[in-house]
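Q: Quick one: structure below, then a few questions.
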Amino acid sequence: MKQLAPGVWQLNGLPPNAINVYLIGEVLIDAATRRAPRRILRQLEGHTVSAHALTHAHPDHQGASAAICERLGLPYWVGEVDVPLAEDLDKMRATQAPHPLNRLIMKYWSGPARHVDRHLREGDDVAGFRVIDVPGHSPGHIAYWRESDRVLILGDVLNNMDVITGLPGLRDPKPFFTADPVENRRSARKLAQLEPKLVLFGHGAPLRDTRKFADFVNALPA
């Protein structure tokens, strides 16, 4: 586990930065695939964890959620519009394009649905971060923003790698993984206005270049 900012850690994964999980204060953000519980739990040893929250309810972010919540006795927090997806895998599946990769990911990466204990809404506080509604990649995608040092956890609003090839660099998420690409780009522009100093992605390495982030977003098509 690597500390990226005060109270912010990135858990190790294989390959590095491919499917990211973070710990902010005592809250675990995202949980990779259903094959990840052992790896995540091992790295959380020695840390106090009091809750688990998602950026969005997709299989590569909620896969280990139910197992970790059960093992550690954690409440499960999800953006209010994504709550039905987190609680019913058929509803999660229905929001995704009928693409072969989506079918494979649902089959091999999704974890069990679980009751959501807290519905997160824009403006809520999570471990000193403010929840921001950024729909598009999923209907109820949220980001986490700490204004004091301008740290942004944006899930899959943007990727900092190509999720198919693994090549690094800023990317719009693949359209076949994204419920509404046009709305997702609007959400990206909303986040660029914050001018974050540290951007943490669901896929890809951390980025500390504010101008690079803003320029990329501003160049996206409307």
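Q: What do you get for Rg/Rh of the chain when both radii come from the Cα atoms and Rh is the Kirkwood radius?
A: Rg/Rh for the chain comes to 0.92.
Q: Antiparallel versus total DSSP beta bridges in the chain: what percent is that, nearest 5?
A: Working: 21 of 34 bridges.
About 60 percent, rounded to the nearest 5.
Q: Cα-based Rg (one decimal) and Dmax (whole number) for the range 73-139, in Å?
A: For the range 73-139, the Cα radius of gyration and maximum Cα-Cα distance read 13.3, 39 Å.
Q: Let me ask something else about it. Mind jotting down the three principal axis lengths of the range 115-212 based on Cα atoms? Whole angstrom, largest first.
A: Its Cα atoms span 35, 31, 23 Å along the three principal axes.
Q: Next up: Enumerate the amide H contacts of Asn12 below 5 Å, restricted to partners 5 or more residues apart or on another chain; note that Pro and chain-start residues carry no placed amide H.
A: Hits under the 5 Å cutoff: Lys2.
Q: Here's something else I'd like to know. Please report how many Lys pairs in the range 2-218 have alpha carbons closer than 18 angstrom, counting only residues at least 8 apart along the chain or sitting on separate chains.
A: Lysine pairs meeting both conditions in the range 2-218 amount to 4.
Q: Relative contact order of the range 80-184: what whole-number percent is it, with Cα pairs under 8 angstrom and at least 6 residues apart?
A: Answer for the range 80-184 is 25 percent.
Q: For a footprinting-style exposure proxy, rank Asp133, Asp125 by other Cβ within 10 Å, fewest first. Don't skip to the answer; put the middle values down first.
A: Values: Asp133 17, Asp125 10.
Fewest-to-most Cβ neighbours within 10 Å comes out as Asp125, Asp133.
Q: Sort Ser138, Ser50, Ser110 so the one with the fewest other Cβ atoms within 10 Å of its own Cβ comes first.
A: Final ranking by Cβ density, sparse to dense: Ser50, Ser110, Ser138.
Q: On to the next question. Sort out for me the Cα centre separation of the range 110-136 from the range 1-57, rounded to whole Å.
A: Each part's Cα centre sits 15 Å from the other's.
Q: So who's got an amide H within less than 5 Å of the one on Gly79, skipping anything under 5 residues away but keeping other chains? H placed 1.01 Å off N, in plane.
A: Close amide H contacts, sequence-distant or interchain: Leu54, Leu120.
Q: Using a Förster distance of 22 Å, how high is the FRET efficiency between Lys212 and Arg121, based on the Cβ-Cβ distance and rounded to 0.05?
A: The formula returns an efficiency of 0.10 here.
Q: I've got another one for you. Order the peptides 149-160, 68-79 from the highest to the lowest mean number of other Cβ atoms within 10 Å of their residues.
A: 149-160, 68-79
Q: Would you kindly state how much longer the chain becomes between Gln193 and Arg39 on full extension, computed as 0.36 nm times their sequence separation minus their alpha carbon distance, in nm to one decimal?
A: Working: separation 154, 0.36 × 154 = 55.44 nm, distance 3.53 nm.
Extra length from Gln193 to Arg39 when fully extended: 51.9 nm.
Only the coordinates and a few stated rules stand behind these numbers; no lab work does. These numbers come from a predicted model, not from an experiment. Here the Cβ is made from the backbone with ideal geometry for all residues, glycine too, and neighbour counts use every protein chain on show.
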